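Right, one structure below, let's go through it.
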């Protein structure tokens, strides 16, 4: 990755920075404008993670163009269809287990453009 395309995520002066407007989280313009999330490219990405979870896999869904209650309602529906637990954290949905293929079909049926990201 070229150095000039990197972006700061933390400043020793103000703390964490918003990825959307690159202001301090406390002074974020994204939240003031009502979106509450950085701009998206319209693609929902499915990631598999096991780091920090005792080796257990979790499927993370990022890029959903939903806020608050809509995101929680979709997460509940997906968890029920997969028959597993999960959570909504930082605008991403976490589903227990490696459910990427099933989630890809479920989200495609909902009308989202879905890609499996990572290995």
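Listed values, structure above:
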read-out: Qualifying residue in segment 65-78 (condition: modelled with pLDDT under 85, outside any strand (DSSP E or B) and exposed (fewer than 11 other Cβ atoms within 10 Å of the Cβ)); value: yes
read-out: Residue list for segment 25-40, restricted to those being modelled with pLDDT of 70 or more and either touching a helix residue (DSSP H, G or I) at 6+ places or on another chain (Cβ under 7 Å) or over 16 Å from residue 90 (Cα atoms) (or both); value: 27
read-out: Total residues in segment 95-117, condition loosely packed, with under 14 Cβ neighbours inside 10 Å and within 14 Å of the chain's Cα centre (by Cα); value: 1
read-out: Given (1) in the same structural domain as residue 118 (by TED's automatic domain parsing); (2) at pLDDT below 90; (3) in contact with a helix residue (DSSP H, G or I) (Cβ under 7 Å, 6 or more places away or on another chain), index of the condition residue 46 fails; value: (2)
read-out: Selection from segment 81-107 of residues that are within 29 Å of residue 18 (Cα to Cα) and part of a helix (DSSP H, G or I); value: 100, 103, 104, 107
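The values are calculated or read from the model by the stated rules, or taken from the named source; none is laboratory data. Just so you know, these numbers come straight off a predicted model, no measurement behind them. Here the Cβ is made from the backbone with ideal geometry for all residues, glycine too, and neighbour counts use every protein chain on show.
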